[in-house]
Structure formats: structure tokens, C-alpha cells
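Heads up: the structure comes next, in C-alpha cells.
The values are calculated or read from the model by the stated rules, or taken from the named source; none is laboratory data. Model, not experiment: these values are computed from the prediction. Counting neighbours? That spans all protein chains shown, and the Cβs are built from the backbone with ideal geometry, glycine included.
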Amino acid sequence: MSSSIVEARASEDLTAAVITVSDSCARGEREDVSGPSVADILKKHGFHVITRQVVSDDQIKIQNLLVRLATEVRFIATTGGTGIAARDVTPEATRAVCDRVIEGLAERIRLEGSKKTRFAALSRGVCGTRGQSLILNLPGNPKGAVESLEAVIDLIPHALNLLQGNTSHT
């Protein structure tokens, strides 16, 4: 199969969902800035953002949304709930629904983030797979979410190809 055919298929499969995890946004007390910022970056990199949703910091609600969206899109980016506060449960929800955890992407995010702020070390975000979908936790801070996504965006299409079984080397 030619590389242009593989690339064409890959671009068709770049569907995404963005989930903002925030009690205050879910209650309508604060405007979601991170979700739209993450969606914009994804669109600039050729992803088709199918949906953007807001959910409260509730582990079961997050898990249920991740499970449903993993059947609808290939890539799910969450923003928020990755810190150490009591209500920050996004990593736990993500781990609970993932088949496998991909440590390297979260490590790269923290490594690149630590070049800009020492607080990157407090992020507990994870990355994992569910079926043929990839789930990535990003910080809730809009700047941190964008910088974190940009640190790994170049790896995501390749990861999605591998999840789909496209393992040939060119």
C-alpha cells in the first residue's frame, strides 16, 4: 500500500472529541476557555472535532462519557481535573476505562511543561487506549492545555494508525 493511501486513510480517521472537566463550567458559573482552545489546536492539525462537552468533576460521569465517546471518535482530549485537589479525578476515570496506559505521552507533556513552569510536576494526567481510541488528559489551565497538546500532537496520528493495526514500516 502506498504511503499516500495510508496518509489519506489516516486523515479520514482523525476524529476527535474534547471534554472539559470542571464543576464550575458544568454549573454555568464560568466560561469554558480550555475546551475551545484545545479544539482549535486539533483542527489546525487536521482533526475533525466531532463534539465538545463539559462534565463535572465526577468520576462516574467522566468514565461514562469516555466510554461512549470512545465508540464515536478516535481521539479524546480531556482538559481539567488532573491536579491534586480532592475533586481532581480525571486520571482515575481515564485509567478505569482504558485497556492500556501509554506512559510516554504523559511523561513528554510533563517534561515539556516543566521547561515553562515548575507546577507541571503536579499534573497527574495520563494517556491510554480504549479499543482503537486514544484518550489524553490535559491540564485545565488554557495555556497549559494548549502547550501540553502541542508537546505531543505530532505523535497522535501515528499512535492512532498503530491502534488501527497499521504497523508496517516505510
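For region 68-84, check the following and say yes or no: at least one residue is of a type in the set (A, V, I, L, M), without any contact (Cβ under 8 Å) to a residue 60 or more places away in the chain and in contact with a helix residue (DSSP H, G or I) (Cβ under 7 Å, 6 or more places away or on another chain). Checked against the condition, which is being of a type in the set (A, V, I, L, M), without any contact (Cβ under 8 Å) to a residue 60 or more places away in the chain and in contact with a helix residue (DSSP H, G or I) (Cβ under 7 Å, 6 or more places away or on another chain), region 68-84 yields at least one hit. Scanning region 32-48 for residues that are under 12 Å from Leu149 (Cβ atoms) and in contact with a helix residue (DSSP H, G or I) (Cβ under 9 Å, 6 or more places away or on another chain) yields Ser34, Gly35, Ser37, Val38, Asp40, Ile41, Leu42, His45, Phe47.
Checked against the criterion of being more than 22 Å from Val33 (Cβ to Cβ), out of contact with any Pro (no Cβ under 7 Å at 6 or more places or on another chain) and not aromatic (Phe, Trp, Tyr), the candidates Ala70, Ala77, Ala85 yield just one match: Ala70. The residues of region 126-143 include none that are more than 13 Å from the chain's Cα centre (by Cα), free of Cβ contacts under 8 Å to residues at least 40 places away in the same chain and buried (at least 18 other Cβ atoms within 10 Å of the Cβ). Total residues in region 17-39 satisfying the condition of being part of a loop (DSSP other than H, G, I, E, B) and of a type outside the set (Val, Ile, Thr): the figure is 7. Pairs linking a residue in region 151-170 that is over 13 Å from Cys127 (Cβ atoms) to a residue that is modelled with pLDDT under 95 and loosely packed, with under 13 Cβ neighbours inside 10 Å, with Cβ atoms under 6 Å and 6 or more positions apart or on different chains, are Thr170/Ser3.
Taking each residue of region 22-49 that is more than 22 Å from Glu72 (Cα to Cα) and looking for partners that are of a type in the set (D, E, K, R) and surrounded by 19 or more Cβ atoms within 10 Å (Cβ to Cβ) with beta-carbon atoms closer than 6 Å, six or more apart or interchain, yields Asp23/Asp57; Cys25/Asp32.
In this entry, Asp99 passes the filter for residues that are among the acidic types (Asp, Glu), modelled with pLDDT of 95 or more and over 13 Å from Leu138 (Cα atoms).
Out of Leu42, Leu66, Leu111, Leu105, which single residue is assigned to a helix (DSSP H, G or I) and either touching a Phe, Trp or Tyr at 6+ places or on another chain (Cβ under 8 Å) or at pLDDT below 95 (or both)?
On the way: Leu66 fails: either touching a Phe, Trp or Tyr at 6+ places or on another chain (Cβ under 8 Å) or at pLDDT below 95 (or both); Leu111 fails: either touching a Phe, Trp or Tyr at 6+ places or on another chain (Cβ under 8 Å) or at pLDDT below 95 (or both); Leu105 fails: either touching a Phe, Trp or Tyr at 6+ places or on another chain (Cβ under 8 Å) or at pLDDT below 95 (or both).
After ruling out the rest, the residue left standing is Leu42.
May I ask you to verify whether Ala86 is surrounded by fewer than 15 Cβ atoms within 10 Å (Cβ to Cβ) and over 20 Å from Pro142 (Cβ atoms)? Let's see the steps before the verdict.
Details: surrounded by fewer than 15 Cβ atoms within 10 Å (Cβ to Cβ): yes; over 20 Å from Pro142 (Cβ atoms): yes.
It is true that Ala86 is surrounded by fewer than 15 Cβ atoms within 10 Å (Cβ to Cβ) and over 20 Å from Pro142 (Cβ atoms).
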